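Take a look at the structure below.
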Amino acid sequence: MNVLKRKYLTFKKMDFFDFYNLAHVTCSKIKTRWIYGMTFGRIGKGAWIKKPEQIFGASRLNIGAGVRIERGAILYAVKYYAGKDYTGTIEIGKKTFANKHFNATSAFGIHIGDEVVFGPNVFLTDFDHGYEDIRMARLETDLVSKGPISIGDRCWLGANVFVGSGVSLGEYCVVAANSVVTKSFPAFSVIAGSPAKVVKRYDPEQRSWVKVNNKI
């Protein structure tokens, strides 16, 4: 079956809401190319962002080809805060998908690989507000960090996941919904909990995901 015939058959099966969503995606592609494309550091071919909640530090945002970001996203690269300059950057690899209300806030660096999938309400931030000096207002303290965040290729982060500073996830990691990730994990890990821990690992010999015994 050739491409045109396949597209025609798909078109015939579409209902009202399919057309409605297609119109929104088309408008998002146009806006992404001609508005974000002129202000972001880089926007790849075919990428789209639907009605973001907030964009800050656009020149430090680099979006790969085919990236799809649903409504309500916050993409925030911090340039200055409380009288100090920061070097926040956000890099998103090709064909990554972020569901509604995705939040990536960076003062030091967030790198997301290719073909990563984020469920709704995922929050990545590579800093915290300092609290040691009790004489200072919270919004006047320095931003503190354990380091940048790195999410490997083809990871999958479920709904309501939080990822903190200094975290590195190897490729093909799966993070269960509602997990709080405060440390790094190797590739091919399934992690869950608050704080998150490994619950499964991929065994290449068995070609399956094997449970990890966390009992001491």
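The values are calculated or read from the model by the stated rules, or taken from the named source; none is laboratory data. Bear in mind that the values here come from a model prediction, so they are computed numbers and not experimental data. Please note: Cβ atoms are built from the backbone with ideal geometry, for glycine as well, and neighbour counts cover all protein chains shown. Areas reflect the complete protein model, heavy atoms only, side chains present, ligands, DNA and RNA absent. Shrake-Rupley method; radii C 1.70, N 1.55, O 1.52, S 1.80 Å.
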Criterion violated by ARG154 - all others in (1) within 20 Å of PHE102 (Cβ to Cβ); (2) assigned to a strand (DSSP E or B); (3) of a type outside the set (S, T, N, Q) satisfied: (2)
Test each condition in (1) open to solvent by 50 Å² or more (accessible area, probe 1.4 Å); (2) over 15 Å from the mean Cα position of the chain (by Cα); (3) farther than 19 Å from GLY93 by Cα for PHE188 and report the one that comes out false. (3)
Residue satisfying condition, being of a type in the set (A, V, I, L, M, F, W, C), touching a residue at least 24 places away in the same chain (Cβ under 8 Å), open to solvent by 30 Å² or more (accessible area, probe 1.4 Å) and closer than 26 Å to LEU169 by Cβ, within set ALA104, ALA73, ALA65: ALA65
Report whether or not VAL180 is modelled with pLDDT of 95 or more, out of contact with any His (no Cβ under 8 Å at 6 or more places or on another chain), open to solvent by less than 60 Å² (accessible area, probe 1.4 Å) and aliphatic (A, V, I, L, M). yes
Name the single residue that is least open to solvent (accessible area, probe 1.4 Å) among those in segment 133-145 being free of Cβ contacts under 8 Å to residues at least 12 places away in the same chain and out of contact with any Ser or Thr (no Cβ under 8 Å at 6 or more places or on another chain). ALA137
Inside segment 72-96, can you point out the residues that are part of a strand (DSSP E or B), modelled with pLDDT under 95 and over 15 Å from SER145 (Cβ atoms)? TYR80
TYR80 versus (1) under 24 Å from VAL25 (Cβ atoms); (2) out of contact with any Gly (no Cβ under 9 Å at 6 or more places or on another chain); (3) open to solvent by 30 Å² or more (accessible area, probe 1.4 Å): which is the lone unmet condition? (1)
